[in-house]
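**Q** This is the structure, below, for whatever I ask next.
The values are calculated or read from the model by the stated rules, or taken from the named source; none is laboratory data. Nothing here was measured: the structure is a model prediction, and the numbers come from that model. Note: ideal-geometry Cβ built from the backbone for every residue, glycine included; neighbour counts use all protein chains shown.
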C-alpha cells in the first residue's frame, strides 16, 4: 500500500525512557510512513502510553531520537503538526461545543476562520447541529466526537490516539471506529493508536505493533481489505495470533506504578493545554 496526502513520516530510533531507576522503554525503534495507520498493543505498564507522550512532546526521551519527515525533535515541546485524542474527552464544561472545538485552532488568523473551520469539522463528525450545546448534555460518544473534531480542526499531519474509545459502550465504540476510519481515509493523516483491544487494532490498522517490557516484540502487517469484517476467518486468525503472543509470556510490570505516577504528573501539568493538542 502506498501512502499520500498530508501525513508525515514518523520515526523513533533507539528510544529509552527511565523514571528514576525504572526503565520503561528500552531501545524502541518504530517507523510510520506518511498516512499510515499503526496500532500499538500490549499489557498494562509495557510502555505504550509513555511512548505516545514522548511523540506528542509531553515528555522527552532519556536517549534516542524522534523525527517527523527527517526533522529530529527530542525536547519536551509540543509539535504543531501533531494532535492527541485521549481516552477522556477533556472538554471545558464552561464552554459550548463550538468553542471547545475552536480551542484546537488557537493562533488562527481570524475568529471567523476558527469558527467556520470548527463548524466544518463538527459537521464531519456528525455534530454540526449540536454546536451551541453544552458538553454536559452530550452522551459519552458525542463528547468523544467533539474531542476528535477538536484534534482534527488544525488539519494535523499526525494524530495520536491514546485509547480514545476505551470508555465507550460496545455499539458506540463500533460507530466511533467507523467514523475514525472514514476520516483517516479522507484526510490521509498519519495515525498511531494505543489500545488494549487487539480486535480494534486489527480492524483499524495497517500494522499492529506489540510492545512487551518496553521493547517492540512483534510488528505485523494487516493486509485485509477495508472495511474489515470481524467475522472473516482471516481476521479472526490474525486477532488470535496476536492475542496468543500477548498472553504467551505473562510479564511482571514493576514499572507500572511508576508509569502511572509519571502519567498523572504529565496530565496534571498539561490539563489545560491538552485542549489544544
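**Q** Given the options 102, 133, name the one that is in a loop (DSSP other than H, G, I, E, B) and outside the structural domain of residue 67 (by TED's automatic domain parsing).
**A** Being in a loop (DSSP other than H, G, I, E, B) and outside the structural domain of residue 67 (by TED's automatic domain parsing) holds for just one of 102, 133, which is 133.
**Q** Answer yes if at least one residue in region 150-163 is in contact with a helix residue (DSSP H, G or I) (Cβ under 7 Å, 6 or more places away or on another chain) and part of a loop (DSSP other than H, G, I, E, B), and no otherwise.
**A** The answer is yes, given that some residue of region 150-163 is in contact with a helix residue (DSSP H, G or I) (Cβ under 7 Å, 6 or more places away or on another chain) and part of a loop (DSSP other than H, G, I, E, B).
**Q** From the residues in region 71-99 that are under 13 Å from residue 143 (Cα atoms) and within 19 Å of the chain's Cα centre (by Cα), which one is surrounded by the fewest Cβ atoms within 10 Å (Cβ to Cβ)?
**A** 88
Okay, residues lined up against (1) touching a helix residue (DSSP H, G or I) at 6+ places or on another chain (Cβ under 8 Å); (2) part of a helix (DSSP H, G or I); (3) surrounded by fewer than 17 Cβ atoms within 10 Å (Cβ to Cβ); (4) without any contact (Cβ under 8 Å) to a residue 40 or more places away in the chain:
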position	(1), (2), (3), (4)
142	yes, yes, no, yes
145	yes, yes, no, yes
208	yes, no, no, no
218	yes, no, yes, yes
231	no, no, yes, yes
241	no, yes, yes, yes
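**Q** Ok, one more. Is it fair to say residue 107 is loosely packed, with under 13 Cβ neighbours inside 10 Å, outside the structural domain of residue 192 (by TED's automatic domain parsing) and either modelled with pLDDT under 95 or under 20 Å from the mean Cα position of the chain (by Cα) (or both)?
**A** When the stated conditions are applied, residue 107 passes them.
**Q** Let me ask another. Just give me the residues in region 84-103 being in contact with a strand residue (DSSP E or B) (Cβ under 8 Å, 6 or more places away or on another chain), modelled with pLDDT of 90 or more and farther than 11 Å from residue 146 by Cα, in sequence order.
**A** 84, 86, listed by residue number.
**Q** Taking the condition surrounded by 19 or more Cβ atoms within 10 Å (Cβ to Cβ), under 30 Å from residue 215 (Cα atoms) and over 15 Å from the mean Cα position of the chain (by Cα), does residue 135 pass?
**A** no
**Q** Could you list all residues from region 114-130 that are in contact (Cβ under 8 Å) with a residue 40 or more places away in the chain and either within 14 Å of residue 104 (Cα to Cα) or assigned to a helix (DSSP H, G or I) (or both)?
**A** The answer is 124, and nothing else.
**Q** Moving on to the next point. Of all residues being modelled with pLDDT under 95 and surrounded by fewer than 23 Cβ atoms within 10 Å (Cβ to Cβ) in region 28-48, which is farthest from residue 201 (Cα to Cα)? Just the residue, please.
**A** Only one residue tops the list, namely 45.
**Q** Regarding region 158-177, can at least one residue be identified that is surrounded by fewer than 17 Cβ atoms within 10 Å (Cβ to Cβ), free of Cβ contacts under 8 Å to residues at least 60 places away in the same chain, at positive phi and over 13 Å from the mean Cα position of the chain (by Cα)?
**A** No.
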